[in-house]
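Accompanying notes for the structure given below.
Read-outs: derived from the displayed coordinates by stated rules, not from any lab. Owing to the predicted nature of the structure, the values given are computational and were not obtained by experimental measurement. Cβ atoms come from the backbone with ideal geometry, glycine included; neighbour counts cover every protein chain shown.
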Amino acid sequence: MKKAFYRRSRFGPQLAYKVGLAPLIGRMVLLLTTTGRKSGLPRVTPLQYECLDGVYHVASVFGTKADWVRNIQADPCVQVRVGNQQFSATAEVITDPDRIAGFIQYRHDKHPRLIGTIMKLDGTEANPSREALLEYARSLALVKITPGELQ
């Protein structure tokens, strides 16, 4: 059920970008275009992000099982759209629970209601201890997206 919800929820942000709401929705959601590992076709996925020192970070609630993460593992060259800006980038998949837990803590500190709600939906406490964060992080993946050239 969780997977079906996430698959359906991606069309809203894509539509918002298409109808000209990119400056508004781009504050929290980017569009990541990967190359399908089997089909070779472009695959667009809307993702919540944090930009830290010019590098974009996104978490995968399905860990390395998410199609978009598996596409990155096959080909780390991606296209990104954030608001009205588009650029090529290189993506790196991170599976270290300590780094992922640190990222979740950063996001939780910055967006406590949003991240707390997501964590509750995933069966974790809204305000978890460090140990609970590490346990939660073991099932996730973090993707670091380093911009290349602007288009």
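Counting other Cβ atoms within 10 Å as a rough exposure proxy, the listed residues Phe87, Phe103 run Phe87, Phe103 from fewest neighbours to most. Distance between the modelled labels on Asn127 and Val55, one decimal in nanometres: 3.1 nm (7 Å Cα→Cβ projection). Here is the list for the range 89-151: GluC sites (Glu not before Pro) lying in DSSP coil, each with at most 14 other C-beta atoms within 10 angstrom of its C-beta, are Glu125. Our Cα-only numbers for the range 86-151 put the radius of gyration and Dmax at 13.8, 42 Å.
Approximating the spin labels as points 7 Å out from Cα along Cα→Cβ, the Tyr106-to-Ser39 distance works out to 3.2 nm.
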